[in-house]
Amino acid sequence: MNGVPDLLVLDHVTAGYGLGDVLHGVDLTVAEGEVVCLIGPNGAGKSTVLRTVSGLLRPGGGQVRLRGEPVDHLSPRERLLRGIAHVPQERSLFPAMSVWDNLLMGGHILDRGRAGRAAVRERADTVAEQFPIVAARRHEAAGSLSGGEQKQVELARALMLDPALMLLDEPSIGLEPRARQAVFATVRALADAGRSILLVEQNARSGLAVADRAAVLESGRVQLNGTGRALLADPRVARLYLGAKEGV
Amino acid sequence: MHEAVQAVILGVLTGGVYALMASGQTLIFGVMKVVNLAQGALVILAAFLSHSLFTAWGVDPFLSVLIIAPLMFALGAAVQWLLLRPLHQDDAALLSLLVTFAVALGIEGALTVVYHTDYRTTRPAYVDRSWRIAGYQVGEVRLAAFALSLITLGGLWMLLSRTRFGRSVRATVQNPVAARLLGVETARVAALGFGLGAATAAAAGAVYGMVYSFNPNSHYDLISRLLSVVILGGLGSLGGTVVAALVMGVASSLVGALASPVWSDFSFFVVLLAVLLLRPQGLFGARLRGAL
């Protein structure tokens, strides 16, 4: 984003599982207040990018920087303290805990002592105002919620620490159309509020529509990047990811 | 009829002690998905320590729990941190069986060197005293042991449900990746969880030593019963473990009283097989698994 400092920089990052690399030198930036959408085929390494940024996976080479500071050596907890919140693709609520306890877990690292406890509960009240499902179902076990409702609670929980950067991994996956719309409405609201987001999305059209910028990841490398609108209009992207026919 | 009711009372009291012994096993399985084959050996180790404190310094076995529990906690946490934590994630479930079995053999070996293989029982003055309630005999030690089990399990429940650490444990049990992403130090939680499981063995061991005779090999018999209780309860369910322990205790006691003590131990496994045929997930497996 022109003139806006980069919040997150991935500088030629390689990473993988076991002996094989999935990412082969990924370069990517997210500016303050920017929504960047990462699209690509299954197995391209999109989720691996997010796992490398949040610290679930250590890069084998290159560097991940947040506000100019390398964070590669930091644990997920330390990265969370620096403002990186990761909402993974798979369901991540604690099913046997209540919706409210799940929300409070979002502030777990600050939930120490009387002052910390009070601050976390105050923040939970604020977040719950933005997510009606939390208030409506607060005493129910999180596992009893529908997939779409659970995703809303996951997004609410990720906001508990007021993160500088949200990593959203396929938030609409497996949801029925109405729940998918609700999730994208939430992402759009977060974007409008100036939240920096790195979004991985299989539903490329919806993802690109909400993004300021986007990148296409293939075989562990960024093959294309540009504004969300430009990629929506790109014939290659249209053919491969938007379901358009050849020549359209 | 009188004999059956007497057997049920004894079974409930014995079941309480089994619940205490198996709760540590359940906690460890819940947090780490590790079947701790050393839990029986930890109980026997605690029984020996309590016995030594009693015979050498006259420390009451119930009070000895206050001394032994911190030691067992440290031992359990050290076993997890030094031996289980380094295991590669993909092989951890299988290798941890070997590691915890090795720990059990190590404890057995050390106890054999120090105490030899003689059977012993911790016998404070009140060990043979009993009360008569509504015509039924209730042993003082068994009643106190049951009370200790209730207090320890209640404390464990409070810890898990009401404290920050408890929330960390429950979060780790239910979704370890999400817990890490929310800043829970899951490796630390696992070590503390293992320590806590071993600490419950301290209370169980002190009680076990008064109710049963034991030697360093007693853990083989014990671990098979503990595993039966934990599986019957539904792996990883604390509530299920308590119910399963009571069911097992009562069944074993009833068979011992009404049929023959010869079949008493065997009834444990008959109950287990019968329940698993009807509910392969255990008594509470489907509803509470992962919930502790």
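The values are calculated or read from the model by the stated rules, or taken from the named source; none is laboratory data. These numbers were taken from a predicted model, which means no experiment stands behind them. Neighbour counts run over all protein chains shown; Cβ positions are idealised from the backbone, glycine included. Accessible surface areas use protein heavy atoms only, side chains included; no ligands, DNA or RNA. Shrake-Rupley method; radii C 1.70, N 1.55, O 1.52, S 1.80 Å.
Summary of computed values
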read-out: Protein heavy-atom accessible area occluded, A/B pair - total, 1.4 Å probe, Å²; value: 1900
read-out: The range A:61-156: trypsin sites (Lys or Arg not before Pro) falling in loop per DSSP and having at most 12 other Cβ within 10 Å; value: A:Arg112
read-out: Listing of the range A:89-104 residues, each with accessible area lower by at least 50 Å² in the full protein assembly than in the chain alone (probe 1.4 Å); value: A:Phe94, A:Met97
read-out: Sequence of A:Arg188, A:Arg205 from largest to smallest accessible area, 1.4 Å probe; value: A:Arg205, A:Arg188
read-out: About the Cα centre, charge dipole magnitude for the range B:113-231 (Lys/Arg +1, Asp/Glu -1 at Cβ), debye; value: 400
read-out: Value at 222 nm in deg cm²/dmol, rounded to 500, when DSSP H runs of n ≥ 4 in chain A each add -39,500 (n - 2.57); value: -10500 deg cm²/dmol
read-out: Chain A: C-alpha pair distances exceeding 22 Å, %; value: 54
read-out: Cα-based shape type of the range A:40-171, given that a ≥ b ≥ c are square roots of the gyration tensor eigenvalues and the cut on a/c is 1.5; value: oblate
read-out: Per-residue ³J(HN,Hα) for the range A:88-97, Karplus 6.51 cos²θ - 1.76 cosθ + 1.60, θ = phi - 60°, Hz, x for Gly and Pro; value: x, 5, 6, 4, 10, 6, 8, x, 8, 8
read-out: GNM result for chain B, Cα springs below 10 Å: residue of B:Trp57, B:Trp81, B:Trp263 fluctuating most strongly; value: B:Trp57
read-out: 5 angstrom amide H check on A:Glu32, placed H, neighbours 5+ away; value: A:Leu7
read-out: Binned Cα-Cα distances of the range B:112-165, short to long, each 10 Å bin given as a whole percent; value: 19, 27, 27, 23, 5
read-out: √(5λ) per eigenvalue of the Cα gyration tensor, the range B:20-238, largest first, Å; value: 30, 20, 15
read-out: Column: log10 I(q)/I(0), Debye, Cα scatterers of the range B:54-130, q = 0.12, 0.20 Å⁻¹; value: -0.54, -1.02
read-out: Only Lys, Arg (+1) and Asp, Glu (-1) charged, at Cβ; chain A dipole about Cα centre in debye; value: 260
read-out: Per residue accessible area of the range B:20-238, 1.4 Å probe, in Å²; value: 40
read-out: Local net charge near B:Phe48, Cβ-Cβ under 13 Å (Lys/Arg +1, Asp/Glu -1); value: -1
read-out: Top of B:Ala56, B:Ala47, B:Ala257 by mean-square fluctuation, Gaussian network on chain B, Cα under 10 Å; value: B:Ala56
read-out: Rounded Å value of the spacing that divides the Cα centres of the range B:47-77 and the range A:85-127; value: 39
read-out: Using alpha carbons only: equivalent-ellipsoid semi-axes of the protein assembly as shown, gyration tensor based, whole Å; value: 54, 23, 21
read-out: Charge sum, other residues only, whose C-beta stays under 10 Å from A:Asn225's C-beta, Lys/Arg counted +1 and Asp/Glu -1; value: 0
read-out: For the range B:162-178, Karplus couplings with θ = phi - 60° (6.51, -1.76, 1.60), whole Hz, Gly/Pro x; value: 10, 10, 4, 4, x, 5, 4, 5, 5, 5, 5, 5, 7, 6, x, 5, 4
read-out: Among B:Leu254, B:Leu37, B:Leu160, residue whose mean-square fluctuation peaks in a GNM of chain B (springs only between Cα atoms under 10 Å); value: B:Leu160
read-out: Note, ³J(HN,Hα) from phi for the range B:12-17, Karplus 6.51, -1.76, 1.60, rounded to Hz, x at Gly and Pro; value: 5, 5, 5, x, x, 5
read-out: Theoretical gain in end-to-end length, A:Arg138 to A:Ala193 [0.36 nm per residue, Cα-Cα removed]; value: 17.3 nm
read-out: Surface share of carbon and sulfur [accessible, 1.4 angstrom probe, percent] for the protein assembly as shown; value: 60
read-out: Within the range B:20-238: Cβ-based charge dipole about Cα centre, in debye rounded to nearest 20 (Lys, Arg +1; Asp, Glu -1); value: 600
read-out: Mean shadow area of the range B:181-292, taken as a quarter of the surface of its Cα convex hull (nm²); value: 8.8
read-out: Accessible surface of B:Asp91 - all protein chains present, 1.4 Å probe, nearest 10 Å²; value: 80
read-out: Accessible surface, chain A, averaged per residue in Å² (probe 1.4 Å); value: 44
